[in-house]
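S.K.: To start, I am sharing the structure in question, which I have written as structure tokens.
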Amino acid sequence: MDTDNHALRILLGISGGIAAYKAPALVRHLLVRNAEVVPVLTPNAVRFVSPTALQAVAGQRPRTDLWDDDAEAAMGHIELARWADAVVIAPATANLMARLAAGMADDLLTTLCLATTAPIFVAPAMNARMWEHAATQRNLHRLRADGVTVLGPADGEQACGEFGPGRMLEPEEIADAVIARLATPRSLAGVRVLVTAGPTREFLDPVRFISNRSSGRQGFAFAQAAHHAGAEVTLVSGPVHLSTPAGVDRVDVVSAQQMKDAVIGRAAESDIFVSVAAVADYRPHQFHEQKLKKSQQPSDEFRMALKENEDIVGSIADVVPRPFVVGFAAETENALDYARQKRERKRLDAIVVNDVSDPEIGFDSVDNAVTLIHAGGEVALGKMAKRAIAQRLVSEIATLYAARADG
Ligand code: PMT
């Protein structure tokens, strides 16, 4: 988007739902991403969040009324609609979505939405039954057909005590999604990306398993960044405690065998496969249907026979048509050398190596530091949030993929 190098100008629409209390946090997340924000509240939103608090965070006078002479004299609503690079409505209630879908202009916010040519984003927030209601779903289709980008909602516990879809995405996720869409080129538009994340569990009996410390963060961050870059993303995840990034299809698995089946079944329909998961190399040779008793072991030394799991990423090289394949390498010594060898052995187009002996990066940490190794060179990315690493990797991998597709 051409913004003549000025900061991104965002009209933040706030409608009257309980999630409106998160609006000041959203303003802050947008500001730190170098945006300028003018909050616009519906009359009901004022019951949930104070314009004074928003003014203090945004440094701009919030607008609440089409008939505010002073505000109109400073910047009329049509001027405001032209000023915006984007309109972001968070929370968007069922009522707001219905009015927007019907093309109504019965308050300042809906009038601005009709008068602007800027892209419009809505982050729905409502009770799960209201979200699932046929009327809301009809409005959702209408809005999407009109070119509105819908962010979320997430699944989970709601303010009303119910569980289900309808939670507004977290302010940070909304800010990331909006900025990513407005500021970065859609380098993976239309590309189908398959990602694995998290650990696998290899059960010995109904209660005991072999696993590892993977939290899934790096793989989930990659899936989210690929989606923001325009890809159609399928995320095959081992057992983790993370919510699914908005817009990403998720398939849950437990064991390496299940992960392999999920990946093999989808690989030929994928353009890029990225194997971030920490797949267990071995599983117990035998699964015991009943919980093993201590007394079944003859001595104080417990011996367990293991069987090797099939190498999922290595087997993708034989898939026809073969996707562009990126593996990860978790190393504790000679990281670069071992990763280069791993890339050759597993016939990968690229490999991303992290030194997992450093407790501040790699497994179960917020940050990571990696080197991307491919046939034409190596790119080192210093320590930063996994989310930022993911964005950089997506852009590097998109370039490599495009070069392969052209060649
Ligand atoms: O989940 P987080 O807490 O965010 O941590 C991120 C991470 C450390 C798990 C991630 O950055 C990472 O390094 N992932 C790869 C972990 C791993 O299993 O590395 P490896 O060197 O053992 O395996 C090499 C590659 O083979 C990996 O792409 C792995 O997915 C794949 N593999 C391994 C075994 C197997 N049976 N099948 C596989 O496909």
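S.K.: If we scan the range 204-220, do we find a residue that is at pLDDT below 95 and open to solvent by less than 20 Å² (accessible area, probe 1.4 Å)? First the steps, then the outcome.
M.R.: Of the range 204-220, the ones at pLDDT below 95 are none.
For the range 204-220, residues at pLDDT below 95 and open to solvent by less than 20 Å² (accessible area, probe 1.4 Å): absent.
S.K.: Same structure again: If the requirement is being of a type in the set (A, V, I, L, M, F, W, C), within 16 Å of the ligand (Cβ to nearest atom) and either in contact (Cβ under 8 Å) with a residue 12 or more places away in the chain or farther than 25 Å from residue 328 by Cα (or both), which of these qualifies: 134, 128, 197? Let's see the steps before the verdict.
M.R.: Numbers: 134 fails: within 16 Å of the ligand (Cβ to nearest atom); 128 fails: within 16 Å of the ligand (Cβ to nearest atom).
Result of the check over 134, 128, 197: 197.
S.K.: Here are 298, 359, 321: which of them is within 13 Å of the ligand (Cβ to nearest atom), modelled with pLDDT under 95 and either assigned by TED's automatic domain parsing to the domain that holds residue 197 or open to solvent by less than 50 Å² (accessible area, probe 1.4 Å) (or both)?
M.R.: Numbers: 298 fails: within 13 Å of the ligand (Cβ to nearest atom); 321 fails: within 13 Å of the ligand (Cβ to nearest atom).
Exactly one of 298, 359, 321 is within 13 Å of the ligand (Cβ to nearest atom), modelled with pLDDT under 95 and either assigned by TED's automatic domain parsing to the domain that holds residue 197 or open to solvent by less than 50 Å² (accessible area, probe 1.4 Å) (or both), namely 359.
S.K.: Among the residues of the range 66-103, what is the count of those that are assigned to a loop (DSSP other than H, G, I, E, B) and in contact with a strand residue (DSSP E or B) (Cβ under 9 Å, 6 or more places away or on another chain)?
M.R.: First, the residues of the range 66-103 that are assigned to a loop (DSSP other than H, G, I, E, B): 66-68, 75-76, 84-85, 93, 102-103.
Retained after the next criterion (residues that are in contact with a strand residue (DSSP E or B) (Cβ under 9 Å, 6 or more places away or on another chain)): 75, 84-85, 93.
Selection size over the range 66-103: 4.
S.K.: Quick check on my filter: what residues within the range 324-341 are surrounded by 12 or more Cβ atoms within 10 Å (Cβ to Cβ) and either over 19 Å from residue 368 (Cβ atoms) or more than 12 Å from the ligand (Cβ to nearest atom) (or both)?
M.R.: Of the range 324-341, the ones surrounded by 12 or more Cβ atoms within 10 Å (Cβ to Cβ) are 324-331, 335-336, 338-341.
324, 325, 336, 340, 341, listed by residue number.
S.K.: Among the residues of the range 38-54 satisfying the criterion of being in contact (Cβ under 8 Å) with a residue 12 or more places away in the chain and open to solvent by 30 Å² or more (accessible area, probe 1.4 Å), which is farthest from residue 21 (Cα to Cα)?
M.R.: Step one: of the range 38-54, the residues in contact (Cβ under 8 Å) with a residue 12 or more places away in the chain are 38-49, 51, 53-54.
If we keep only those that are open to solvent by 30 Å² or more (accessible area, probe 1.4 Å) as well, we get 43-44, 46-48, 51, 53.
Values: 43: 15, 44: 12, 46: 10, 47: 10, 48: 6, 51: 11, 53: 10 Å.
Checking each candidate, the answer is 43.
S.K.: Residue 375 - would you say it is in the same structural domain as residue 202 (by TED's automatic domain parsing), under 24 Å from residue 396 (Cβ atoms) and without any contact (Cβ under 8 Å) to a residue 40 or more places away in the chain?
M.R.: It is true that residue 375 is in the same structural domain as residue 202 (by TED's automatic domain parsing), under 24 Å from residue 396 (Cβ atoms) and without any contact (Cβ under 8 Å) to a residue 40 or more places away in the chain.
S.K.: Tally up the residues in the range 339-366 that are assigned to a helix (DSSP H, G or I) and touching a residue at least 12 places away in the same chain (Cβ under 8 Å), please.
M.R.: As a first pass, look at the range 339-366 and keep what is assigned to a helix (DSSP H, G or I): 339-345.
Filter once more, keeping what is touching a residue at least 12 places away in the same chain (Cβ under 8 Å): 339-340, 342-343, 345.
So the answer is 5.
The values are calculated or read from the model by the stated rules, or taken from the named source; none is laboratory data. Please read these numbers as outputs of a predicted model, since none were measured by experiment. We place every Cβ from the backbone using ideal geometry, glycine too, and count neighbours over all the protein chains shown. Ligands, DNA and RNA are stripped out before the accessible areas are found, and what is left, the full protein with its side chains, is counted by its heavy atoms. Shrake-Rupley method; radii C 1.70, N 1.55, O 1.52, S 1.80 Å.
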